[in-house]
Amino acid sequence: MAFREIERKFLVAGPFRGEESGASRIVQGFLSSAPGRTVRVRVYGDKGFLTVKGPARGLTRFEWEKEIPAAEAELLLPLCEPGVIDKTRHLVPGPDGHVWEVDEFHGDNEGLVVAEIELSAEDEPFERPAWLGEEVTGDRRYYNSSLTKRPYKFWKENEI
């Protein structure tokens, strides 16, 4: 099990539909969203997950994730802080073999579409798909834990 995550996040600026290899609904909440240490409960398709993330150092951050039964994750969701993330994750193979996770948000974050790529090193090269837009890696507004507190619908027109 890897205990580090290296990812970059981008806005989606063009059509990606038709390129995806699969899609699943995700509902998640945060037991803790303190800066530098989040504890997330997630129902992803028919599986549940408990995830702990540490502070970012550059593009790298500590991540520990454990699969749990979806029924147990469902029981934990009501214990989470206010605000729930509801999104559809599309898996989109990139032109260079990387797989992009394109999240299409619902509810209070409707209209927000972001793409993430996980890398094995901070300087790992990757090819940008034509539909990829502005990079928002490190912009806290786009962290899922931030979107539970200040959803996209409240700032999208004023800040983008």
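Taken together, the values in this text are just the output of simple stated rules run on the coordinates, not laboratory data. Being a predicted model, the structure only gives us computed values, none of them experimental. Here the Cβ positions follow ideal geometry from the backbone for every residue, glycine too, while neighbour counts run over all protein chains shown.
Working from label points 7 Å from Cα in the Cα-to-Cβ sense, the residue 47 to residue 32 distance is 2.5 nm. In order along the range 121-135, phi translates into HN-Hα couplings of 8, 4, 9, 5, x, 8, 8, 7, x, 4, 8, 7, x, 4, 6 Hz, rounded to whole numbers, per the Karplus curve 6.51 cos²θ - 1.76 cosθ + 1.60 with θ = phi - 60° and x for Gly and Pro.
Taken along the Cα-to-beta-carbon direction at a fixed 7 Å, the label points for residue 130 and residue 4 span 3.6 nm.
Modelled spin-label separation between residue 149 and residue 57, with each label point placed 7 Å from Cα along the Cα-to-Cβ direction: 2.4 nm. From least to most packed, judged by other beta carbons within 10 angstrom and beginning with the fewest, 149, 53 follow the order 149, 53. In straight-distance terms, cross-link reach from residue 53 covers every one of the lysines whose alpha-carbon lies under 21 Å from its own, apart from those fewer than eight places away in the same chain; here that gives 9, 66, 87, 149. Entry note, the chain: relative contact order of 29 percent, from Cα contacts under 8 Å with a spacing of 6+ residues. For the range 1-87, relative contact order (Cα pairs under 8 Å, six or more residues apart, normalised by length) works out to 32 percent.
In this calculation the C-beta distance from residue 74 to residue 123 is compared with R0 = 45 Å, giving a FRET efficiency of 0.70. Applying the Karplus relation 6.51 cos²θ - 1.76 cosθ + 1.60 with θ = phi - 60° to the range 15-30 yields 3J(HN,Hα) values of x, 10, 4, x, 9, 6, 9, x, 8, 9, 7, 10, 10, 8, x, 10 Hz, where x marks Gly and Pro.
Taken as Cα centroids, the range 108-160 and the range 1-61 sit 11 Å apart, rounded to the nearest whole angstrom. If you sort the three axes of the alpha carbon gyration tensor as a ≥ b ≥ c, you get a/c under 1.5 for the chain, which makes it rounded.
Over the range 89-160, Cα pairs under 8 Å with separation of 6+ residues give a relative contact order of 26 percent. For the chain, adding -39500 (n - 2.57) for each run of n ≥ 4 DSSP H residues and dividing by the number of residues yields -2500 deg cm²/dmol at 222 nm.
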